[in-house]
1. Looking at Thr352, is it farther than 21 Å from Leu109 by Cβ and either in contact with a Ser or Thr (Cβ under 9 Å, 6 or more places away or on another chain) or touching a residue at least 60 places away in the same chain (Cβ under 8 Å) (or both)?
2. Restricting attention to the stretch 308-324, which residues are among the hydrophobic types (A, V, I, L, M, F, W, C) and at pLDDT below 95?
3. Can you name the condition, by its number, that Val178 falls short on among (1) touching a strand residue (DSSP E or B) at 6+ places or on another chain (Cβ under 9 Å); (2) open to solvent by less than 10 Å² (accessible area, probe 1.4 Å); (3) more than 26 Å from Asn350 (Cα to Cα)?
4. I'd like to verify a number: residues in the stretch 261-316 that are surrounded by fewer than 16 Cβ atoms within 10 Å (Cβ to Cβ), polar (S, T, N, Q), without any contact (Cβ under 8 Å) to a residue 40 or more places away in the chain and farther than 30 Å from Phe246 by Cβ, how many?
5. Give me the strands (runs of 3 or more DSSP E) completely within the stretch 281-354, filtered to those with at least 1 residues that are within 24 Å of Leu151 (Cα to Cα) and among the hydroxyl-bearing types (Ser, Thr, Tyr), ordered by residue number.
6. Looking only at the stretch 229-255, which residues are open to solvent by 20 Å² or more (accessible area, probe 1.4 Å), in a strand (DSSP E or B) and within 22 Å of Glu333 (Cα to Cα)?
7. Go through the stretch 190-228 and count every residue that is touching a residue at least 60 places away in the same chain (Cβ under 8 Å) and either more than 34 Å from the chain's Cα centre (by Cα) or assigned to a loop (DSSP other than H, G, I, E, B) (or both).
8. Looking at the stretch 97-115, which of the residues that are touching a strand residue (DSSP E or B) at 6+ places or on another chain (Cβ under 9 Å) and among the small types (Gly, Ala, Ser) is most open to solvent (accessible area, probe 1.4 Å)?
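The values are calculated or read from the model by the stated rules, or taken from the named source; none is laboratory data. This structure is a prediction, so every number in the text was calculated from the model and none was measured. Cβ coordinates were reconstructed from backbone atoms using ideal geometry, including for glycine residues, and neighbour counts include every protein chain displayed. All accessible areas refer to the heavy atoms of the entire protein, side chains included, with ligands and DNA or RNA removed. Shrake-Rupley method; radii C 1.70, N 1.55, O 1.52, S 1.80 Å.
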Amino acid sequence: MAVSSWAAFGAIVATAAVVTGRGAPDLREIVQSCPPPKTDCNCDWTHGGASCGQDDGSECWCRCCCSYRGGTCKWNPPQPPAPNPPPPPPPPPPPARPSCKSPVSAGVLRVMEGSTVNYMFVAGSTTSVDHVKVSDDSSSVTLQNGPRIYLAETCEQSLTPGMYNKINWEGKTLSYTVDLSQVGCACNAALYLVSMPASEPTKCGDYYCDANYVCGPGCPEMDIQEANAHAFQSTPHHCDGTFPNFSNCDRGGCGAKISLADYGPGNGKIDTNKPFTVHAQMSSTRVEVTLEQGLQTTNASPRCSLGPTFGDGMVLVMSNWGGSADTMKWLDEPPCGDTPCNSGAVTFSNFTIS
């Protein structure tokens, strides 16, 4: 160290002894008692001796002089950036797809409820499930002409009243995709809700009921879709009474049809040669059914609803049936004429409840 540097350092030490009232610290104490500067400081010349006057707020003053002024200084070295918060935990894996080997089950169908994956069993009579195919990934179900199937909560070896999945539909929207391209005039590919199970097996043996007393007992029915490639209708059917004692069901209902100007093979809005999406919004006072394909939409607004029935729980049913043209004129004439049902298959897929 040059002579002038040693002189300056001596002045610093002397000043420290006077100000602090203690013996002069060595350089190691100075280094350890103050934060290190970001830049090199020449303590001998820039902040040495008499230069250690008032705290000028600089790093070098704090580095070179703070120990001589009671160990405090104004300079606050920048803090390191706060560490990034840990990433959120991954969502839980979806539930494993259950299996069901039963003579009254066609497989398992995936139904999204909000962001939750649920699986529901596809149940029906043994003759029905023989004509039903659930896709390997559980996203779709295809019905040939003839079957009627239900969404069930449990897998059973025979049809029982407690197996059916009674869902509270009040204030909810059911959405699904349907392919009706193979379903011709005089056929009816239907998706609907009914207030089953009936209190007895009924003449159909599956505890089924509907507003037209098809199997004996009557109960409220919400036909979201009765359709083929040429016509589409939605119909609520009200009944008096409460579950399971219903009476005086409105067989005709108060349905609404999709306009023929908006629907049919090759149509510019809903082209039934291609799949399209159905959205059914249900509440005690109103039902709204909207068809969507690409950017195009059209809807049907039935004139009535089912009151509190939606909130009591209803089972989702799918069927595909038809025969002579006369049996289906209420649905598809016009535009259909005397052509009988071609027994074409329908596919439902991508079920969501929101």
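1. no
2. Phe310
3. Only one criterion in (1) touching a strand residue (DSSP E or B) at 6+ places or on another chain (Cβ under 9 Å); (2) open to solvent by less than 10 Å² (accessible area, probe 1.4 Å); (3) more than 26 Å from Asn350 (Cα to Cα) is unmet by Val178, namely (3).
4. The number of residues fulfilling the criteria is 2.
5. Details: elements: 287-293, 296-300, 315-322, 346-353.
Here the list reads 287-293, 315-322, 346-353.
6. Gln233
7. Number of matching residues: 8.
8. Ser99
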